[in-house]
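S.K.: After the structure tokens below, expect a handful of questions from me.
The values are calculated or read from the model by the stated rules, or taken from the named source; none is laboratory data. Since we're looking at a predicted model, the values are computed, not measured. Cβ sites come from the backbone with ideal geometry, for glycine too, and all protein chains shown count toward neighbours.
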Amino acid sequence: DNLLSLLRAEVTIASVARCVSELVHNSIDAGASHVDIILRPSPLYISVVDDGHGIRPGDMRHIGRRHYTSKCRQLSDLESISSYGFRGEALASIAAVSHLSVTSRHSDYSSTHTTTLMNASEIYNGPSSSSLISHGTHVVVQNLFNNLPVRRKSILGDGENNKSACHDIVKSVRNCLVEIALSLESEAVKIRFRSESALLLNLCVRAEDKNNASNVLKTAYGRAIFKSFDTFNARHGDVTVNVLVALELTATQNYQYIFINRRKLVHPAIYKTLSYLFCTSLGFHEDRSEVHPVFVVHVNAPLSGYDLCQDPGKIVVDLENYG
Ligand code: ADP
Ligand code: MG
């Protein structure tokens, strides 16, 4: 059973960024309007604080247990899941390979509770020594990958002092938070990211604001790269598409995002096709490989039309009938 948990964790929590991304998704699923992330790369320490609805005291003992989720009660719920999570996989996977502590105060309660697990074994579950002033959840992850030495070494570098490994971790977490901010359309969330007491990201996503994506890109990657944008929308039956495209090309392919119901689509052929189409429509007729268009595409489609469960990381979305 332990081995199975480890193997699952290897797939689900493939990197530090994936770990942070799962925690932030949980905060957004909990209706948070503020999410504060602190990352120390060496020794690795991750802290995510949110002001979401919190976790009921009675549910705290399930936290970090495999398949515990409050978001999907029956099979038919899968047809209408609007949260990021639905399988109770993330915290259990993180708990299997780390020292995980979750402290929470639910909005219906005045008490704060903590549960702490080390490599999936419960160390503590009960009232918290310090209370949260208002409702919300604080998750701390330490000793990540302590029982996966090969992964630990490949991600954290040798001897934990590897400067370039630390730099890569911070950068990939930052990129992943930008991606989360770009994925949102109807939520209002402030996302703050700090590392070694430096504020590395301070994003403010407003609900239903068509300037969100361009504001996020400008704030995160600089106004110099992203000067002017074009937006347009299209509807085809019950599928809607919102597009933001920058009028200048960039040197990297990193600024291309397609989200289907807030989930990032991983499908190189579709990115390539869109890239080509945007290049042509911006007046760059040759297929130049050294410059790339910047775009953020949101597709909103009925959930029954695609398969969310294709891979354990929930990042591959299989499209059906959307030729
Ligand atoms: P999932 O998101 O698929 O439900 P997770 O393992 O990510 O699975 O989380 C398990 C459960 O823990 C969630 O369903 C939720 O009930 C609770 N939870 C986790 N993080 C938070 C949070 N930040 N705020 C409130 N509840 C949370
Ligand atoms: Mg989750």
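Conditions (1) within 30 Å of LYS163 (Cβ to Cβ); (2) assigned by TED's automatic domain parsing to the domain that holds ILE258, marked per residue:
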site	(1), (2)
GLU187	no, no
LYS190	no, no
PHE193	yes, no
GLU208	no, no
SER214	no, no
TYR221	yes, no
ASN233	no, yes
THR240	no, yes
VAL243	no, yes
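S.K.: Looking at ARG87, is it basic (Lys, Arg), within 12 Å of ligand 1 (Cβ to nearest atom), closer than 22 Å to HIS25 by Cα and at pLDDT 95 or above?
M.R.: No, not satisfied.
S.K.: Here is a further query. Taking the options LYS264, LYS190, name whichever one is within 30 Å of SER42 (Cβ to Cβ) and buried (at least 17 other Cβ atoms within 10 Å of the Cβ).
M.R.: LYS264
S.K.: A further question on this structure: Mind listing whichever residues of the stretch 127-139 are away from ligand 1 (no atom under 12 Å from the Cβ) and either farther than 16 Å from GLY31 by Cβ or touching a His at 6+ places or on another chain (Cβ under 7 Å) (or both)?
M.R.: PRO127, SER128, SER129, SER130, SER131, ILE133
S.K.: Condition first: modelled with pLDDT of 85 or more, away from ligand 2 (no atom under 13 Å from the Cβ) and at positive phi. Can you find one or more residues in the stretch 137-150 that meet it?
M.R.: yes
S.K.: For residues that are modelled with pLDDT under 80 and either in contact with a His (Cβ under 7 Å, 6 or more places away or on another chain) or basic (Lys, Arg) (or both), tally how many sit in the stretch 41-84.
M.R.: Total meeting the criteria: 2.
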